[in-house]
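See structure below.
Read the figures in this text as sums done on the coordinates, not as results from a lab. Keep in mind the model is a prediction, meaning the values are calculated, not measured. Cβ placement follows ideal geometry from the backbone for every residue including glycine, while neighbour counts extend to all protein chains displayed.
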Amino acid sequence: MAKEKAAEKAAEIISTFLDHGAKRVGVGTGSTVKLVLKKLLENPNVTDKLTKIRLYASSIDTLLYLRSLGLEANTMPPREGLDVYFDGADEVSIEANMCILVKGRGAAMTREKIFAYHSKRVVIVVDESKLSRLIGDKNRPVPVEVLPESLDAVLATLNKLNVRYKVRNECGCRDGPALTDNGGIVIDVWPWGRYEILRFESILSSIPGVVGHGIFVGYADKIVVGHSDGETKVVECRRTRINPALKD
């Protein structure tokens, strides 16, 4: 119920952007995103608009899914930026209107961050189970993408930082570690109780060989939250991370 309601409200918001002339729409990764697409395509008028605009997929999984729906998409965001990008999240905390997210269960966090940074508007869609008072309360890991050549060096750094980690594997489709669409190896890391989130974000970003990570601070404009009682809330976020080339 909660996820369904969130998807319905998100589809309504995306439809409004389309009505106001959005021509370049970014599509995230995961089951919530697919549910939003389903809701959008239930409206023939919206379906017609989606076939005429440019869609951009944040992962190969999303690209293939869009094509299965009869929609074509690109995987590289355009130089002029996206008008709107919608996606899900694994955990959300809202602190002083700053929306902090953890993403990356689908291992698409690096491309998703590029899309969010390069979009004029970012809409995140979740159900109430993804909300935390403080990020990390649910003890979900931060996914980190690293170059294969840097794996040992990054693991040694994490050991020195005294944080728990696990190279993600046993994904069911192949032997060995989980790989991103970029060919990076995914490490799940638990910094909770040792590092404040902004500090750990800075640490990860400073390690050579780290391609990207699942900490998203200040990338969202709106969080759509579905609740089990059928209520849906839209939280306005303080956006701080956006490509300055897109600002008016």
Next item on the list: Would you mind counting up the charge near residue 201? Only other residues with Cβ under 13 Å from its Cβ, with Lys and Arg at +1 and Asp and Glu at -1.
Entry: +3
Note to self: If the rule is a partner Cβ under 4.7 Å, which cysteines in the chain fail it?
What the structure shows: 171, 173
Check: Using 0.36 nm per residue, how much length does the chain from residue 67 to residue 139 gain when fully extended, once their Cα-Cα distance is taken away?
Finding: 22.4 nm
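Exceeding 26 Å between C-alpha atoms, which entries from my cross-link table qualify? They are 9/52; 52/130; 130/222; 49/130; 5/103. Intermediate results must be reported in sequence, preceding the final value.
Numbers: 9/52 23 Å; 52/130 33 Å; 130/222 15 Å; 49/130 31 Å; 5/103 21 Å.
Where the Cα-Cα span goes over 26 Å, the pairs concerned are 52/130; 49/130.
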Notebook entry, point to check: What does the convex hull of the Cα atoms come to per residue for the stretch 142-209, in Å³?
Noted result: 90 Å³
Next item on the list: For residue 8 and residue 60, compute 0.36 nm times the residue count separating them, minus their Cα-Cα distance, and round to one decimal in nm.
Entry: 16.3 nm
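Taking 2.2 N^0.38 Å as the expected size of a compact globular protein, what ratio does the Cα radius of gyration of the chain give against it, to two decimals? It would help to have the intermediate numbers written out before the result.
On the way: Rg = 17.7 Å, N = 248, 2.2 N^0.38 = 17.9 Å.
This ratio for the chain stands at 0.99.
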Check: Among 62, 110, which comes first, second and so on when ranked by fewest other beta-carbon atoms within 10 Å?
Finding: 110, 62
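Based on the Kirkwood radius over alpha-carbon pairs, what value in µm²/s does the Stokes-Einstein equation return for the translational diffusion coefficient of the stretch 114-156 at 10 °C and 1.306 mPa s?
My calculation gives 114 µm²/s for D.
List the relative contact order of the stretch 51-108 as a percent without decimals, with contacts defined as Cα pairs under 8 Å and 6+ residues apart. Provide the component values of the computation, followed by the final result.
Working: 52 pairs, mean separation 14.7, N = 58.
RCO, the stretch 51-108: 25 percent.
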Notebook entry, point to check: Using alpha-carbon positions, what is the distance between the centroids of the stretch 14-35 and the stretch 182-199, in Å?
Noted result: 28 Å
